[in-house]
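A.B. asks: Got a structure for you, questions after.
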Amino acid sequence: MLSVKMDRCGLGGQYRMPEVEISHRFAGPNATLIGKPGGLRELTTPAMVLNLDAFERNINAYQQQINLCGLQARPHAKSHKCAEIARRQIAAGAVGVCTASLHEAEALVGQGINNVLITSPVIGAGKLDRLLQLVKRDVSIAVVVDDQEHAAWMAAASHRSGHVLDVLIDVDLGMGRTGVGDIDSLLRLVNAVCDAEGMSYRGIQAYSGQVQHIEDFAARDQVYTRQLRFLSELLAALDKRGLKPFTVSGGGTGTLALDCRERILTEHQAGSYIFMDVEYEAVTLRANDADAAFATSLFLHSAVVSKNVPGKATIDAGLKSFATDGPLPHVSAGAPAGTTYAFFGDEHGRLTFPTPTHYLPLGSIVALVTPHCDPTVNLHDYLHVVRNDTIVDIWQIDARGVL
């Protein structure tokens, strides 16, 4: 892996990747290709590839938009699970990152990330013990609660340890996954947290996952604006009782434009903007804007391993290489225009060419856009970072897995 120092320049906290020195740290089977001109064409596949130019533009574009609308950026690291990316997000201006799990928080804190909000409830004695071990370190850790019983468990454990947990109350905007869903429940829970030793009430989390991928901007606007009106009512009720939250955290890539317009949140949790994927390529992120807000930067490179069937080819990226909860991967480069992908087994995918006369030689590299970036990244160990056709670095996906 390369050893780098961040270099910030220009307006809005933009940064560029400086000249670096290559260390001899192991970074997977492609480590010997780092710095080799044209090395991208020699990748051992399947391999996740990150276009560094597009990635840096996405980070800067997001941070500039956040700055313009007076929010703080707290990007969601569940999209990348990578400490090196978290460092770059913070260098660009983010106050810290989110994680979806305690496991992700532990992995990133272990790599020097010192400001983390865990956005899902941490449940179970074993996990509470691990959480408190994390709090003992010289880092800022915040958690969410949505249940008085859960809050009591956390408060008792924290009090016994002699520490105080920063807590955000999780609010359900309509998804029904986690969060309190009415004013009375919210007020009771806030009061319980405020009264408990071992806890400090810091604010509200209000994330609406179901609206992020509504493709039409106007339709997404209609649904999300209704949800934000409910959030405004909750915040007004808290303010009336002297419980105004210091932090209102939420939002995502799909609602960024709306969150900036409404300015109800204080910090923003977008995650997929750094990579983009097939799902988000179908989403109109801004009203009356033909230009994409963010560019696709993440690709899966795969090699042709069989070409015996006319008009088709088998590649080495199948069910173990891509998330399967969304659309199919899109062929981006390396194959004739109009080539489509289909899953063809655990280790294999099938390319179907526009005509039976098209073919690709054995070993040909094909680039595909991931269908859903977050769970796809979780299947891989490394991100191969490229400029043009040169691998300039390999970043470890530090927090992959679930425990």
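The values are calculated or read from the model by the stated rules, or taken from the named source; none is laboratory data. Because the structure is a prediction, the values reported are computed rather than measured. Here the Cβ positions follow ideal geometry from the backbone for every residue, glycine too, while neighbour counts run over all protein chains shown. Just the protein is used for accessible areas: all its heavy atoms, side chains included, with ligands, DNA and RNA removed. Shrake-Rupley method; radii C 1.70, N 1.55, O 1.52, S 1.80 Å.
A.B. asks: State the percentage of accessible surface on segment 81-137 attributable to carbon and sulfur atoms; use a 1.4 Å probe and exclude ligands, DNA and RNA.
C.D. replies: Of all accessible area on segment 81-137, carbon and sulfur atoms account for 48 percent.
A.B. asks: Assigning unit charges at the beta carbon (Lys, Arg +1; Asp, Glu -1) and nothing else, what dipole magnitude in debye, to the nearest 20, does segment 301-403 show about its Cα centre?
C.D. replies: The dipole of segment 301-403 has a size of about 400 debye.
A.B. asks: Taking the Cα centroid of segment 241-257 and of segment 29-52, what is the distance between the two, rounded to the nearest whole Å?
C.D. replies: 40 Å
A.B. asks: So, by mean Cβ neighbours within 10 angstrom, what's the order for 282-288, 192-198 with the highest one leading?
C.D. replies: Details: 282-288: 14.6, 192-198: 16.7.
Top of the packing list down: 192-198, 282-288.
A.B. asks: With the cut-off at 28 Å, report for segment 221-379 the share of all Cα pairs above it, as a whole percent.
C.D. replies: It works out to 40 percent of all Cα pairs.
A.B. asks: Please list 3J(HN,Hα) in residue order for segment 315-323, calculated via the Karplus relation 6.51 cos²θ - 1.76 cosθ + 1.60 where θ = phi - 60°; whole Hz, with x for glycine and proline.
C.D. replies: 10, 8, 9, x, 4, 7, 10, 10, 5
A.B. asks: What do you get for Rg/Rh over the chain if you use C-alpha atoms and the Kirkwood form of Rh? Numbers along the way, then the final one.
C.D. replies: Numbers: Rg = 22.4 Å, Rh = 22.4 Å.
Taking Rg over the Kirkwood Rh, I get 1.00.
A.B. asks: Still on this structure: Peptides 356-365, 182-191: what's the order by average Cβ count within 10 Å, highest mean first?
C.D. replies: Order by mean packing, descending: 182-191, 356-365.
A.B. asks: What are the semi-axes of the equivalent ellipsoid for segment 217-270, taken as the square roots of 5 times the Cα gyration tensor eigenvalues, largest first, in whole Å?
C.D. replies: 22, 13, 7
A.B. asks: Also: Could you tell me the largest-minus-smallest coordinate of the C-alpha atoms of segment 96-137 on each of the three principal axes, in descending order and whole angstroms?
C.D. replies: 25, 19, 12
A.B. asks: For segment 203-293, just run the numbers: alpha carbon Rg, then divide by 2.2 N^0.38 Å, N being how many residues it has. Before the final figure, lay out each step's value.
C.D. replies: Details: Rg = 13.9 Å, N = 91, 2.2 N^0.38 = 12.2 Å.
So segment 203-293 has a normalised radius of gyration of 1.13.
A.B. asks: If you build a Gaussian network model of the chain, linking Cα atoms that sit under 10 Å apart, which residue out of E104, E149, E279 swings the most?
C.D. replies: Highest fluctuation among the options: E149.
A.B. asks: To continue, here is another question. Tell me, what is the per residue accessible area of the chain in Å², probe radius 1.4 Å?
C.D. replies: Numbers: 17230 Å² over 403 residues.
Accessible area per residue, the chain: 43 Å².
A.B. asks: Determine the sum of side-chain charges near K320: Lys and Arg each +1, Asp and Glu each -1, restricted to other residues whose C-beta is under 9 angstrom from that of K320.
C.D. replies: Overall, the nearby charge balance is -2.
A.B. asks: Ignoring everything except DSSP H segments at least 4 long, calculate the 222 nm mean residue ellipticity for the chain; use -39,500 (n - 2.57) per segment, divide by total residues, nearest 500.
C.D. replies: Here the helix-only value at 222 nm equals -8500 deg cm²/dmol.
A.B. asks: Which residue, G39, L368, L258, has the largest displacement toward the positive end of the dipole of the chain when charges sit on each Cβ (Lys, Arg +1; Asp, Glu -1)?
C.D. replies: Of the options given, the answer is G39.
A.B. asks: If you place +1 on the Cβ of every Lys and Arg and -1 on the Cβ of every Asp and Glu, how big does the dipole about the Cα centre of the chain come out, in debye to the nearest 20?
C.D. replies: 460 debye
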